[in-house]
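One structure below.
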Number of protein chains: 2
Amino acid sequence: MNENTTKTVDKIIENLIYIHPLLSKGLTRTIRAKTNLNPGSLYVLGLLSRYPLLSMSEIGCKLGMPKPHVTAHIDKLVVENLVERISDPNDRRIVNIKLSLKGKENFDMIIKELSSEMRLRINKLDENKLVQLFDSSNKVREILVEITF
Amino acid sequence: MNENTTKTVDKIIENLIYIHPLLSKGLTRTIRAKTNLNPGSLYVLGLLSRYPLLSMSEIGCKLGMPKPHVTAHIDKLVVENLVERISDPNDRRIVNIKLSLKGKENFDMIIKELSSEMRLRINKLDENKLVQLFDSSNKVREILVEITF
DNA sequence: CAAAATGGTTACAAAAGTATAACTATTAAA
DNA sequence: TTTAATAGTTATACTTTTGTAACCATTTTG
């Protein structure tokens, strides 16, 4: 790896270190205010809204959390009827998780709630910047998924 | 705001909800492993590496944390000699915070540590994707700063 | 079939983040 | 000049996150 690449990576890290607390500020607070879900549980819900069926281990792997935490989050989501545990017929050790209809609806609704909160701030942005934020957040997400999974 | 813009904002929120835990995974863990700083304190340090002088309130405002938390973080950083409290001669209520030389050096070093960890994963990316991640993380950061401060 | 590996849960402890009220010191305003 | 507002600190309580060890059930391996 050459000198330039090294510098680029350093800058990326610096950006990510900067972005993370801003997201905490923007998201965590609103999540607490607008929903009765932990941020962590909401992240699991968001993951499940992307993948139709995931095992406990897969969820833990994708979100980088140890299995006991996944169990705890899923427990909460199950109590709220937002997800279902479905045991795998082929391997009875495996517990698959699926978003319930209520879970799907709730997640969409929560996104709308969060959006409406953020929209107040996003309104300061012109159409052009909005599209830029859209594109760049897509890209960051796509690449982070690629290198962390 | 028209229908399309609404959808774009929703998608952005979804992206951010997705990105946040990935960053936690990628950063928080490494921060814990590689440094003896809380993630929160490191974020404060990172902020101060951008701005030469910030008051306690400004730090709290920029990172979206209540003043008592800022006090706690700064206390830790002061103990480690990474930042200095400088009382403002014009308004003696104000306490300004400045990165010490050691703080500057340490932050650079920590960035290198985190980079080396992440580099292992980033190595999977080709030069092209690396630049894309760089550009898009820059953009997300720039726009988040604009709408959250 | 016995042993090892895997998937998941339970239980406990520690670290960090979060919220809030009450307080001091200082400055600004009436 | 008394009152109100601002900047910061202290103290406390609570939630969430994080880490780990031990455990059961099931599957795979030798």
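The values are calculated or read from the model by the stated rules, or taken from the named source; none is laboratory data. Source: prediction; values computed, not measured. Positions of Cβ are backbone-derived with ideal geometry, glycine not excepted, and every protein chain shown enters the neighbour counts.
State which residue is nearest to DNA strand D (Cβ to nearest atom) when the search covers only the range B:90-112 and only residues that are part of a loop (DSSP other than H, G, I, E, B) and exposed (fewer than 12 other Cβ atoms within 10 Å of the Cβ).
B:R93
Applying the selection to the range A:28-84, what residues are within 9 Å of DNA strand C (Cβ to nearest atom) and closer than 27 Å to B:I147 by Cα?
Within the range A:28-84, A:T28, A:R29, A:R32, A:A33, A:P39 meet the criteria.
Which residue pairs have Cβ atoms closer than 7 Å, lie 6 or more positions apart in sequence or on different chains, and pair a first residue in the range B:14-28 that is farther than 15 Å from A:L48 by Cα with a second residue that is of a type outside the set (D, E) and not in a helix (DSSP H, G or I)?
B:K25/A:G64
If I filter the range B:61-84 for residues that are closer than 15 Å to A:I12 by Cα and in contact (Cβ under 8 Å) with a residue 40 or more places away in the chain, do I get at least one hit?
For the range B:61-84, residues closer than 15 Å to A:I12 by Cα and in contact (Cβ under 8 Å) with a residue 40 or more places away in the chain: absent.
Could you please find all residues in the range A:114-123 being more than 7 Å from chain B (Cβ to nearest Cβ) and surrounded by fewer than 16 Cβ atoms within 10 Å (Cβ to Cβ)?
A:S116, A:L120, A:N123
Would you check if A:L45 is at the interface with another protein chain (Cβ under 8 Å from one of its Cβ atoms) and within 15 Å of the chain's Cα centre (by Cα)?
In short, no.
Could you figure out which of (1) at positive phi; (2) near DNA strand D (Cβ under 8 Å from one of its atoms) isn't true of B:N81?
(2)
Quick one: which of B:S57, B:S24, B:S49 is polar (S, T, N, Q), within 17 Å of A:P21 (Cβ to Cβ), near DNA strand D (Cβ under 9 Å from one of its atoms) and in contact with a Gly (Cβ under 9 Å, 6 or more places away or on another chain)?
After ruling out the rest, the residue left standing is B:S24.
For the range B:132-149, enumerate the residues that are more than 7 Å from chain A (Cβ to nearest Cβ) and either over 20 Å from B:G64 (Cβ atoms) or in contact with a Pro (Cβ under 6 Å, 6 or more places away or on another chain) (or both).
B:D135, the sole residue that qualifies.
Identify the residue in the range A:139-149 that is surrounded by fewer than 18 Cβ atoms within 10 Å (Cβ to Cβ) and not β-branched (V, I, T) and, among all such residues, is modelled with the lowest pLDDT.
Only one residue tops the list, namely A:F149.
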